[in-house]
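To start, the structure under review is shown below, and the notes come after it.
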Amino acid sequence: GPYIPVGEAVTWTYVVKNTGNVVVTSIVVSDSDLGQITCPRDTLDELESMECEVIGSAVAGQYSNTGTVTGTADPGGGLPAVQVTDSDPSHYFGSDPAIELAKLTNGQDADTEPGIYILAGEAVTWTYRVTNTGNVKLSAVSVNDDQVGVVYCPYSVLNAGASMSCTATGTAVAGQYANLATATGTPLVGLLVDASDADYYFG
(Lines give C-alpha, C1' and ligand atoms only; values in the text may rest on other atoms or scores of the structure.)
Protein backbone atom coordinates (compact mmCIF):
# COMPACT_ATOMS: atom_id res chain seq x y z
CA GLY A 1 0.00 0.00 0.00
CA PRO A 2 1.05 3.64 0.14
CA TYR A 3 3.80 4.81 2.46
CA ILE A 4 2.51 7.23 5.11
CA PRO A 5 4.68 8.92 7.76
CA VAL A 6 3.87 7.77 11.29
CA GLY A 7 1.47 10.15 13.02
CA GLU A 8 0.10 11.68 9.83
CA ALA A 9 -3.61 11.53 9.06
CA VAL A 10 -5.01 8.51 7.24
CA THR A 11 -8.35 8.82 5.47
CA TRP A 12 -10.25 5.65 4.64
CA THR A 13 -13.02 6.09 2.07
CA TYR A 14 -15.61 3.35 1.61
CA VAL A 15 -17.34 3.64 -1.76
CA VAL A 16 -20.60 1.68 -1.57
CA LYS A 17 -22.51 1.01 -4.78
CA ASN A 18 -25.74 -0.85 -5.39
CA THR A 19 -24.73 -2.88 -8.42
CA GLY A 20 -28.05 -4.70 -8.63
CA ASN A 21 -31.45 -3.82 -10.09
CA VAL A 22 -33.51 -3.55 -6.89
CA VAL A 23 -33.37 -1.20 -3.90
CA VAL A 24 -31.01 -2.19 -1.07
CA THR A 25 -31.97 -1.13 2.45
CA SER A 26 -30.52 -1.48 5.96
CA ILE A 27 -27.01 -0.84 4.63
CA VAL A 28 -24.28 -1.14 7.26
CA VAL A 29 -20.56 -0.56 6.66
CA SER A 30 -18.02 -1.92 9.14
CA ASP A 31 -14.26 -2.15 9.33
CA SER A 32 -12.24 -5.03 10.75
CA ASP A 33 -10.22 -2.62 12.91
CA LEU A 34 -12.34 0.52 13.16
CA GLY A 35 -15.77 -0.97 13.82
CA GLN A 36 -18.97 0.40 12.35
CA ILE A 37 -18.51 3.27 9.92
CA THR A 38 -20.92 6.19 9.77
CA CYS A 39 -22.47 6.61 6.31
CA PRO A 40 -24.75 9.35 4.97
CA ARG A 41 -27.52 6.90 4.05
CA ASP A 42 -28.69 3.37 4.70
CA THR A 43 -30.65 2.88 1.47
CA LEU A 44 -29.45 2.88 -2.14
CA ASP A 45 -31.53 2.68 -5.29
CA GLU A 46 -30.33 0.49 -8.14
CA LEU A 47 -26.89 1.58 -9.45
CA GLU A 48 -26.75 4.37 -6.86
CA SER A 49 -23.59 4.88 -4.78
CA MET A 50 -22.35 6.76 -1.71
CA GLU A 51 -19.10 7.41 0.12
CA CYS A 52 -18.43 6.84 3.81
CA GLU A 53 -15.28 8.19 5.43
CA VAL A 54 -13.24 7.88 8.61
CA ILE A 55 -9.95 9.52 9.60
CA GLY A 56 -7.20 8.09 11.82
CA SER A 57 -3.44 8.39 12.42
CA ALA A 58 -0.76 6.26 10.80
CA VAL A 59 1.04 3.75 13.01
CA ALA A 60 4.48 2.27 12.34
CA GLY A 61 4.87 -0.71 10.06
CA GLN A 62 2.57 -2.71 7.83
CA TYR A 63 -1.12 -2.06 8.45
CA SER A 64 -4.14 -3.75 6.90
CA ASN A 65 -7.88 -3.57 7.46
CA THR A 66 -10.95 -4.84 5.63
CA GLY A 67 -14.14 -2.97 4.95
CA THR A 68 -17.40 -4.91 4.76
CA VAL A 69 -20.84 -3.78 3.64
CA THR A 70 -24.14 -5.58 4.20
CA GLY A 71 -27.66 -4.72 3.10
CA THR A 72 -31.08 -6.16 2.43
CA ALA A 73 -32.43 -6.49 -1.09
CA ASP A 74 -36.16 -7.01 -1.53
CA PRO A 75 -36.98 -8.16 -5.06
CA GLY A 76 -40.73 -7.98 -4.38
CA GLY A 77 -43.27 -10.05 -6.24
CA GLY A 78 -43.63 -12.35 -3.26
CA LEU A 79 -39.98 -13.35 -3.37
CA PRO A 80 -38.09 -13.38 -0.07
CA ALA A 81 -35.69 -10.58 0.80
CA VAL A 82 -32.02 -11.54 0.62
CA GLN A 83 -28.95 -10.18 2.36
CA VAL A 84 -26.20 -8.89 0.09
CA THR A 85 -22.62 -8.28 1.19
CA ASP A 86 -19.16 -7.45 -0.09
CA SER A 87 -15.70 -6.87 1.38
CA ASP A 88 -12.53 -5.10 0.30
CA PRO A 89 -9.11 -5.04 2.02
CA SER A 90 -6.82 -2.01 2.27
CA HIS A 91 -3.16 -1.58 3.22
CA TYR A 92 -0.58 1.06 4.06
CA PHE A 93 2.93 1.07 5.48
CA GLY A 94 3.64 3.43 8.36
CA SER A 95 7.00 5.00 7.55
CA ASP A 96 9.15 5.62 10.65
CA PRO A 97 12.58 6.64 9.32
CA ALA A 98 15.58 7.06 11.61
CA ILE A 99 19.37 7.12 11.36
CA GLU A 100 22.15 6.60 13.90
CA LEU A 101 25.77 7.72 13.82
CA ALA A 102 28.68 6.55 15.97
CA LYS A 103 31.98 8.36 15.39
CA LEU A 104 35.32 6.83 16.43
CA THR A 105 38.82 8.31 16.59
CA ASN A 106 41.53 5.73 15.93
CA GLY A 107 38.98 3.04 16.73
CA GLN A 108 37.91 4.53 20.06
CA ASP A 109 34.67 6.25 20.98
CA ALA A 110 35.83 9.52 22.53
CA ASP A 111 32.64 11.46 23.17
CA THR A 112 34.05 13.74 25.89
CA GLU A 113 37.14 15.86 26.35
CA PRO A 114 40.02 15.35 26.31
CA GLY A 115 39.43 12.13 24.36
CA ILE A 116 42.36 9.92 23.41
CA TYR A 117 45.96 11.17 23.41
CA ILE A 118 47.77 11.18 20.07
CA LEU A 119 51.27 12.46 19.32
CA ALA A 120 51.14 15.59 17.19
CA GLY A 121 52.06 14.72 13.60
CA GLU A 122 50.82 11.14 13.79
CA ALA A 123 48.03 9.82 11.59
CA VAL A 124 44.43 10.05 12.75
CA THR A 125 41.66 7.86 11.35
CA TRP A 126 38.04 8.75 11.96
CA THR A 127 35.44 6.03 11.46
CA TYR A 128 31.78 6.93 11.06
CA ARG A 129 29.38 4.02 11.61
CA VAL A 130 26.03 4.85 10.04
CA THR A 131 23.00 2.66 10.77
CA ASN A 132 19.48 2.88 9.38
CA THR A 133 17.51 2.33 12.59
CA GLY A 134 14.13 3.05 10.97
CA ASN A 135 11.74 0.76 9.10
CA VAL A 136 12.12 2.16 5.57
CA LYS A 137 14.93 2.51 3.06
CA LEU A 138 16.99 5.71 3.17
CA SER A 139 18.54 7.25 0.07
CA ALA A 140 21.02 10.10 -0.39
CA VAL A 141 22.76 8.95 2.79
CA SER A 142 25.81 11.11 3.51
CA VAL A 143 28.17 12.11 6.31
CA ASN A 144 29.63 15.56 6.84
CA ASP A 145 32.29 16.47 9.41
CA ASP A 146 32.54 20.09 10.56
CA GLN A 147 36.35 19.90 10.39
CA VAL A 148 37.00 17.29 7.72
CA GLY A 149 34.16 18.14 5.35
CA VAL A 150 32.32 15.55 3.26
CA VAL A 151 33.29 12.04 4.36
CA TYR A 152 33.69 9.15 1.93
CA CYS A 153 31.03 6.45 2.37
CA PRO A 154 30.75 3.20 0.39
CA TYR A 155 26.98 3.49 -0.12
CA SER A 156 24.38 6.19 -0.53
CA VAL A 157 21.38 3.91 0.07
CA LEU A 158 20.72 1.95 3.26
CA ASN A 159 17.88 -0.51 3.72
CA ALA A 160 16.11 -0.68 7.08
CA GLY A 161 18.49 -2.20 9.63
CA ALA A 162 21.56 -1.91 7.37
CA SER A 163 24.76 -0.15 8.36
CA MET A 164 28.06 0.95 6.85
CA SER A 165 31.38 2.45 7.92
CA CYS A 166 32.72 5.65 6.39
CA THR A 167 36.28 6.85 6.94
CA ALA A 168 38.43 9.95 6.87
CA THR A 169 42.10 10.46 7.72
CA GLY A 170 44.21 13.34 8.91
CA THR A 171 47.26 14.32 10.92
CA ALA A 172 47.08 15.07 14.63
CA VAL A 173 47.61 18.67 15.65
CA ALA A 174 48.87 19.84 19.04
CA GLY A 175 46.35 20.53 21.80
CA GLN A 176 42.66 19.88 22.25
CA TYR A 177 40.84 18.89 19.08
CA ALA A 178 37.13 18.31 18.49
CA ASN A 179 35.03 17.55 15.47
CA LEU A 180 31.32 16.98 15.01
CA ALA A 181 29.92 14.68 12.34
CA THR A 182 26.36 14.56 11.03
CA ALA A 183 24.75 11.78 9.01
CA THR A 184 21.63 12.44 6.94
CA GLY A 185 19.29 10.28 4.88
CA THR A 186 16.09 10.78 2.90
CA PRO A 187 13.12 8.37 3.22
CA LEU A 188 10.63 7.65 0.45
CA VAL A 189 8.09 9.92 2.15
CA GLY A 190 8.52 12.57 4.82
CA LEU A 191 11.44 14.76 5.80
CA LEU A 192 15.08 13.74 5.88
CA VAL A 193 16.47 12.32 9.11
CA ASP A 194 19.79 13.12 10.71
CA ALA A 195 22.03 12.19 13.64
CA SER A 196 25.19 13.78 15.00
CA ASP A 197 28.12 12.61 17.11
CA ALA A 198 31.16 14.50 18.40
CA ASP A 199 34.61 13.06 19.04
CA TYR A 200 37.76 14.41 20.74
CA TYR A 201 41.47 13.86 20.91
CA PHE A 202 44.36 15.68 22.55
CA GLY A 203 47.42 16.16 20.45
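Quarter the surface of the alpha carbon convex hull of the range 105-186 and you get the mean projected area, 5.4 square nanometres.
Can you give me the % of accessible surface on the range 54-203 that is carbon or sulfur? Probe 1.4 Å, all protein chains present, nothing else counted. That fraction is 53 percent. Positive end of the charge dipole of the chain (Lys, Arg +1 and Asp, Glu -1 on Cβ, about the Cα centre): tell me which of Gly134, Val59, Thr70 has its Cα farthest that way. Of Gly134, Val59, Thr70, it is Gly134. Remark: the range 56-62, residue by residue, has Karplus-estimated 3J(HN,Hα) of x, 10, 5, 10, 5, x, 6 Hz, where x stands for each Gly or Pro and the curve is 6.51 cos²θ - 1.76 cosθ + 1.60 at θ = phi - 60°.
Highest mean first, the peptides 80-87, 47-54 sorted by other C-beta atoms within 10 Å per residue fall in the order 47-54, 80-87.
Per residue, the chain exposes 54 Å² of solvent-accessible protein surface, assessed with a 1.4 angstrom probe and all protein chains in place. Per the Cα gyration tensor, the chain maps to an equivalent ellipsoid with semi-axes of 63, 12, 11 Å, ordered largest to smallest.
Counting only protein heavy atoms and a probe of 1.4 Å, the accessible surface of the range 1-44 is 49% carbon and sulfur. Remark: the Cα gyration tensor places the range 147-196 in the prolate category, a/c being 1.5 or greater and a/b exceeding b/c. Quick note on the range 15-71: its Rg to Rh ratio, both from C-alpha atoms and Rh being the Kirkwood radius, is 1.05.
The values are calculated or read from the model by the stated rules, or taken from the named source; none is laboratory data. Treat the numbers as computed from the prediction; the structure is a model and nothing was measured. For neighbour counting, all protein chains shown are included, and Cβ atoms are generated from backbone atoms with ideal geometry for every residue, glycine included. Ligands, DNA and RNA are excluded from the accessible area calculation, which covers all protein heavy atoms including side chains. Shrake-Rupley method; radii C 1.70, N 1.55, O 1.52, S 1.80 Å.
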